[in-house]
Amino acid sequence: MDTIKSRTEEHLHNIASHRSDIRSIDPTHAADDVELLAQIGYKQELKRHYSTLQVFGIAFSIMGLLPSICSTIAVGLESGPAGLVWGWLAAGFFIFCVGTSMTMLGSAIPTSGGLYYYTNYYAPDSIRVPLSFLIGCSNSLGLVGGICSISYGFAVEVLSAVYINKGGDFEITNAKCYGIFAACVISNVIVCCLTTKHTAILQSVSIYFNSFIIILFFIAVPIGASKHSGFNDGSYIFGELSNVRDWSAGWSFMLSWMPAIWTIGAFDSVIHCSEEAKHAQTAIPWGILGSITVCWVVGWFICIVCAACIKNGDTASALDSPAGNPMAQIIYDALGKEWAVAFMALIACGQYLMSCSIVVAASRQIWAFARDDGLPVVYNYVKYVDPRVKVPVRATLFAGAISLLLGLLVLINGSAGSGALFSLAVASNLLSWGMPVLLVLLPTGRDRFVPGVFHLGKHLSFVVNLITVVWVAYVIVMSMFPDSRVVDKNTMNYTCVINSSVWILSLVYYYIHGYKVYTGPKSNLDILDGESNELQNVDEILSEKA
């Protein structure tokens with residue numbers, strides 16, 4: 001026993017000794033983005049093409065308000081229209097607090113690594129490296145889960161449009177759903193392997209397109225509903241609570257907060273693209289808080305319109321729509337077949353733009369983690385940046401490949417598998433968001449934290465960060481609950497299995513092998529001048545040829 005104890009202590013000592021130094025970062029003493037990035041420990045490898053509006057567009061596009069509500073509205077309506085409406089409004093407040101905490105972190109240290117870098121920076125030395133490794137894996141999984149859930153939503157919307165167009169003479173199967181899902185992911189990867197400049201333009205297109213379909217929805221659907229069945233009254237919209245789940249009415253109402261939690265998410269994508277943003281310290285606050293505020297307020301009105309236009313106030317019929325989507329049924333009842341097909345096609349296009357944006361964000365997080373030798377096994381392959389386009393092409397391909405594998409849950413078990421794809425992104429990302437915020441509240445992190453451009457002051461920042469930590473812990477637990485008390489293969493929430501497995505295996509891998517290569521964020525400023533010149537010469541030659 002003494003020998004085993006001695007070897008264990010020696011092994012743990014070796015692990016603890018493998019850690020990179022903490023750098024001194026003061027965002028108030030940086031002349032520009034490149035100088036601040038050098039303080040953080042990295043050279044400028046990606047091109048800075050994103051304007052402040054395009055940074056806002058990254059998060060706004062991923063949230064894709066109307067397509068996202070279309071994908072998740074059934075979860076909200078399961079506790080009635082009032083559950084959808086009030087659940088959205090209440091959840092939005094707490095999400096805004098989380099976004100504020102993220103903004104303070106991102107404004108202080110704007111790097112693509114983001115959350116795992118903050119965890120390593122603010123955690124006590126004894127646990128900072130394994131903890132940052134865990135957060136890097138969890139954040140990567142969460143963003144890949146976002147690709148899966150958004151692409152799945154796209155597949156459902158396409159199939160709903162086809163079903164309506166064929167007048168019901170069409171069978172929606174899991175295989176067809178996965179086929180469209182896979183086509184969406186593969187085409188997204190191809191689009192996002194283009195230059196950063198083109199993907200930046202895509203964010204502007206997404207802003208205008210999503211704004212257009214929202215305005216069209218606000219005009220067309222109420223007019224159509226008023227001509228057919230009329231509007232439901234205020235007591236139905238704001239006071240009708242029902243419960244189609246077998247949970248208690250109170251817990252069912254809390255589960256109906258998930259549409260807002262899933263939709264107004266992925267705002268950390270702004271941080272992951274910060275090394276491609278101009279004036280990152282100010283662009284990050286505008287991107288995160290601007291997108292959350294717009295989606296919170298406008299999304300609430302969309303929920304109200306949806307509740308007002310449910311035909312004859314029959315929530316059950318909307319939930320049991322043969323088209324497979326309550327939003328499709330609401331639009332069909334209000335506008336008829338042709339308009340419903342056209343609207344679902346537009347919503348699907350918006351969803352596709354969402355998936356492109358989340359692929360960009362996920363690839364940057366995965367690339368940044370691989371750059372620090374953190375991504376298990378394949379880090380050396382994935383951290384490569386194509387010098388011709390200045391894009392992490394291999395990280396983009398890796399994100400797409402993992403998404404295709406996770407998407408197989410839809411084939412294994414349709415409803416339960418698709419539910420796992422949505423809550424998977426929530427649980428993994430929330431752990432990644434909450435951990436660095438918690439660490440900043442603790443003594444070590446509080447001492448190391450130097451505010452950036454955006455900060456609320458000592459006392460208000462503490463209150464906001466505390467709300468964020470409590471909310472994150474609560475929602476992680478909530479997102480792992482099944483939709484039914486009776487748990488079987490059809491109602492199982494596989495999120496608890498996938499997330500827990502990834503979290504546990506990440507730590508096991510780190511303590512067995514990962515500590516040998518991952519020592520926390522590593523500076524790449526010490527690359528030989530010859531190597532830098534060689535890359536520069538390649539760029540010059542390619543530019544001349546172009």
Practice task
Identify all residues within segment 218-250 that are part of a helix (DSSP H, G or I) and either β-branched (Val, Ile, Thr) or in contact with a helix residue (DSSP H, G or I) (Cβ under 7 Å, 6 or more places away or on another chain) (or both); write none if there are none.
Solution key: PHE218, ILE219, ALA220, VAL221, PRO222, ILE223, GLY224, ALA225, TYR236, ILE237, PHE238, GLY239
Practice task
Take the residues in segment 122-138 that are within 17 Å of ARG446 (Cβ to Cβ) and of a type in the set (A, V, I, L, M), then tell me which one is nearest to the chain's Cα centre (by Cα).
Solution key: LEU131
Practice task
Give me the pairs, please: first residue somewhere in segment 167-184 and polar (S, T, N, Q), second residue anywhere and surrounded by fewer than 16 Cβ atoms within 10 Å (Cβ to Cβ), beta-carbon distance under 7 Å, and either six or more positions apart or on two chains.
Solution key: ASN174/LEU411
Practice task
Consider ILE304 carefully, then state whether it is crowded, with 24+ Cβ neighbours inside 10 Å and of a type in the set (Val, Ile, Thr).
Solution key: no
Exercise for the section: Go through segment 485-511 and count every residue that is out of contact with any Pro (no Cβ under 8 Å at 6 or more places or on another chain), open to solvent by 20 Å² or more (accessible area, probe 1.4 Å) and at pLDDT below 85. Expected result: 13
Fill in the blank from the handout: Filtering segment 262-301 down to residues that are small (Gly, Ala, Ser) and open to solvent by 10 Å² or more (accessible area, probe 1.4 Å) yields ALA266, GLY290
Practice task
Please tell me if LEU460 is aliphatic (A, V, I, L, M) and modelled with pLDDT of 90 or more.
Solution key: yes
Practice task
Determine which single condition MET102 fails, assuming it passes every other condition in (1) at pLDDT 85 or above; (2) open to solvent by 10 Å² or more (accessible area, probe 1.4 Å).
Solution key: (2)
Handout entry: Identity of the residue in segment 314-327, modelled with pLDDT of 85 or more and crowded, with 19+ Cβ neighbours inside 10 Å, that ends up nearest to ILE207 (Cα to Cα)
Key = MET327
Practice task
Taking THR72 as meeting all but one of (1) surrounded by 24 or more Cβ atoms within 10 Å (Cβ to Cβ); (2) in contact with a Phe, Trp or Tyr (Cβ under 6 Å, 6 or more places away or on another chain), write down the number of the exception.
Solution key: (1)
Fill in the blank from the handout: Considering segment 438-470, residues that are touching a residue at least 60 places away in the same chain (Cβ under 8 Å), more than 19 Å from SER24 (Cα to Cα) and part of a helix (DSSP H, G or I), and then whichever is most open to solvent (accessible area, probe 1.4 Å), we arrive at ILE467
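The values are calculated or read from the model by the stated rules, or taken from the named source; none is laboratory data. Being a predicted model, the structure only gives us computed values, none of them experimental. Virtual Cβ from ideal backbone geometry, glycine too; neighbours counted across all protein chains shown. Heads up: the accessible areas ignore ligands, DNA and RNA and are worked out on the full protein's heavy atoms, side chains in. Shrake-Rupley method; radii C 1.70, N 1.55, O 1.52, S 1.80 Å.
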